[in-house]
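Mind looking over this structure? Questions follow.
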């Protein structure tokens, strides 16, 4: 098994992300289930990096020319879902903040009246 430079970079990145996840877990920014999810995700990433032929069957079933095409499409789909989810979350937070500010402004106005 020959490991390419790009594979080394991917493995180092995955290990770094596990470390970052661990730091966030220690600071209580992640709960145990979230920590397990991220460790699982980055471990899967390392396995796919080390053994890219694992995805050959799926690539053929879905009629992709190369495994990289499959990974790029999957990445775009995942990023689109994450972007949309972040947008919706931001809109909800924005509405809550706007409601709080309005309530505080009304209370302050009524208090000074």
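None of the figures in this text is laboratory data; all of them are computed from the coordinates on show. The structure presented is a predicted model; accordingly, all values stated were derived computationally and were not measured.
Working from Cα positions, state the angle (0 to 90°, nearest 10) between the long axis of helix 32-50 and the longest principal axis of the chain.
For helix 32-50, the angle is close to 30 degrees.
I need the shape label for region 1-62. Rule: rounded when a/c is under 1.5, else prolate if a/b > b/c, else oblate, with a, b, c from the alpha carbon gyration tensor.
Values: a/c = 4.30, a/b = 1.76, b/c = 2.44.
Oblate, because a/c is 1.5 or more while a/b does not exceed b/c.
From the C-alpha gyration tensor of the chain, pull out the three semi-axes of the equivalent ellipsoid (sqrt of 5λ each), sorted largest to smallest, in whole Å.
44, 20, 10
Next up: Relative to the longest principal axis of the C-alpha atoms of the chain, give the angle of the C-alpha long axis of helix 5-26, reported between 0 and 90° and rounded to the nearest 10°.
In the chain, helix 5-26 runs at an angle near 40 degrees to the longest axis.
Additional query: Does anyone have the angle between helix 67-112 and the longest principal axis of the chain? Alpha-carbon axes, 0 to 90°, nearest 10?
10
Let me ask you something else. Given just the C-alpha atoms of region 63-113, how large is their convex hull per residue in cubic angstrom?
39
In deg cm²/dmol and to the nearest 500, what is the mean residue ellipticity at 222 nm of the chain if only DSSP H runs of at least 4 residues count, each as -39500 (n - 2.57), divided by the residue total?
Numbers: 4 runs with 93 residues, N = 113.
After summing the helix terms and dividing by residue count, I get -29000 deg cm²/dmol.
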